[in-house]
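These notes are about the structure you will find just below.
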Amino acid sequence: MTAPEYGAEALIVCDSLVRIYQTDDVEVQALQGLDLLVDEGELVAIVGASGSGKSTLLGVLSGLDAPTAGRARVADWDLLAMTPKQRLRYRRSTVGFVWQQTARNLLPFLTAVENVELPMAFVGARRSDRRRRALELLDSLGLADRADRRPAELSGGEQQRVAIATALANGPKVLFADEPTGELDRATGDEVFAALREANTALGTTVVIVTHDAGVSSQVRRTVSIRDGRTSTEVLRRDAGGPAQEFALIDRVGRMQVPAAYRRALGLHERVRLELEADHLGVWPDDHGADDDHEEERR
Ligand code: ADP
Ligand code: MG
């Protein structure tokens, strides 16, 4: 019997994803064997410091960039084995994106409703259907009265909400957002988050948000931390607004990262003692230093 494929049930699978950037004689390992599973219907935040590899990950998942090694799958698409034509179809229909730079999301000379219609025109939707759906999307995001304004006539938060509507135009399975609130103040950022949650709950779109702002974990059920190009810990809330629990992730060979604060508090380093209990695992500092080990032998 063969073991089921890693993440067989998940909508998004990243399996030991590696992305190395080679510039002249410098090599940057932006992703260093990243594992991530996201289920259909989830709203997930991926949080990490600047330079931790978040945009690189979204670049791969959105089909813009190819990983150096590892496996990445979204729905039925193997992101390492797509032809250019499939890639285009993937980018137009399966996924939607909202970028940090508001200017990158919308065309300045089109009105809000025209911006939302544009991706539908690319896939050949009928003109009347486009207009109707675009207005419905704007309405569901609270922008019905902004439909005829150009981006420059909208606030930053409104622009990002129009960007969300545009990203949702072709009914993607997944919406990716890279620092969607990065250029906004807290209150406006919360508005944009509400719009992303609306896309998730009302339309059932799976939403993946990456940000350096650890505060988002109060806005979502699941927050995955990324450090040095790998996922490390996860914060989960079983019910919305409920208490948060922190989890460490175990990779397939059993490696787990103990948060630095815990390692410091108990002096855990190099080697720990493990004890299997009926329903949990005990972890103790190795209180025999290197010298004591020898003492043990002498006894
Ligand atoms: P984040 O979005 O979390 O800030 P990035 O994914 O943008 O992180 O970058 C991760 C690492 O890869 C950083 O060290 C960054 O300098 C490097 N990097 C990103 N893009 C490129 C590129 N096109 N060429 C070379 N290095 C890059
Ligand atoms: Mg980034």
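The values are calculated or read from the model by the stated rules, or taken from the named source; none is laboratory data. Every value quoted in this text rests on a predicted model; they were computed, and no experiment measured them. Neighbour counts are summed over all protein chains in view; Cβ atoms, including those assigned to glycine, are modelled from backbone coordinates with ideal geometry. When the accessible area is computed, the model is the full protein with side chains, heavy atoms only, and any ligands, DNA or RNA have been set aside. Shrake-Rupley method; radii C 1.70, N 1.55, O 1.52, S 1.80 Å.
Of the strands (runs of 3 or more DSSP E) that lie entirely inside segment 240-291, those containing 1 or more residues that are in contact (Cβ under 8 Å) with a residue 24 or more places away in the chain and within 19 Å of V224 (Cβ to Cβ) span 244-248. Scanning segment 178-188 for residues that are of a type in the set (A, V, I, L, M) and either open to solvent by less than 20 Å² (accessible area, probe 1.4 Å) or assigned to a helix (DSSP H, G or I) (or both) returns a single hit, A187. Comparison of R252, R238 shows that the only residue that is within 27 Å of G53 (Cα to Cα), away from ligand 1 (no atom under 16 Å from the Cβ), of a type in the set (K, R) and assigned by TED's automatic domain parsing to the domain that holds L143 is R252. The listed residues are A81, A10, A66, and the only one of them that is within 15 Å of ligand 1 (Cβ to nearest atom) and either within 16 Å of the chain's Cα centre (by Cα) or open to solvent by 20 Å² or more (accessible area, probe 1.4 Å) (or both) turns out to be A66. The number of residues in segment 207-229 that are out of contact with any Pro (no Cβ under 7 Å at 6 or more places or on another chain) and within 16 Å of ligand 2 (Cβ to nearest atom) comes to 13.
Among the residues that make up segment 16-28, is at least one of them within 16 Å of ligand 2 (Cβ to nearest atom), open to solvent by 10 Å² or more (accessible area, probe 1.4 Å), closer than 23 Å to T205 by Cα and of a type outside the set (V, I, T)? No: zero hits.
Contact annotation: residue pairs with Cβ atoms under 7 Å, 6 or more positions apart or on different chains, pairing a residue in segment 50-74 that is touching a residue at least 60 places away in the same chain (Cβ under 8 Å) with a partner that is within 12 Å of ligand 1 (Cβ to nearest atom) and among the small types (G, A, S), are S52/G229; G53/A30; G53/G229; K54/G48; T56/A30. Working carefully through the options V207, V220, V216, find the one that is part of a helix (DSSP H, G or I), touching a residue at least 60 places away in the same chain (Cβ under 8 Å) and in the same structural domain as A167 (by TED's automatic domain parsing). None of the others qualify; the one that does is V216. For segment 99-106, the criterion of a residue being aromatic (F, W, Y), in contact with a helix residue (DSSP H, G or I) (Cβ under 6 Å, 6 or more places away or on another chain) and within 16 Å of ligand 1 (Cβ to nearest atom) is satisfied by at least one position. Look at (1) surrounded by 14 or more Cβ atoms within 10 Å (Cβ to Cβ); (2) under 30 Å from R186 (Cβ atoms); (3) more than 26 Å from the chain's Cα centre (by Cα) and you find that L138 fails only one, number (3).
Only one of the numbered conditions (1) open to solvent by 50 Å² or more (accessible area, probe 1.4 Å); (2) farther than 30 Å from S52 by Cβ is not met by E191, and that is (2).
Of all residues in segment 143-153, those being in contact (Cβ under 8 Å) with a residue 24 or more places away in the chain and not in a loop (DSSP other than H, G, I, E, B) number 3.
Going by the conditions given, is A75 aliphatic (A, V, I, L, M) and on the phi > 0 side of the Ramachandran plot? Judged against the criteria, A75 is a match. Filter segment 120-135 for residues that are of a type outside the set (K, R) and open to solvent by 30 Å² or more (accessible area, probe 1.4 Å); which is modelled with the highest pLDDT? That would be L135. When segment 223-239 is filtered for residues that are assigned to a strand (DSSP E or B) and of a type in the set (G, A, S), the ones remaining, listed by number, are S225, S232. If the condition is being within 16 Å of ligand 1 (Cβ to nearest atom) and either within 20 Å of G41 (Cβ to Cβ) or basic (K, R) (or both), then segment 159-199 contributes F176, A177, P180.
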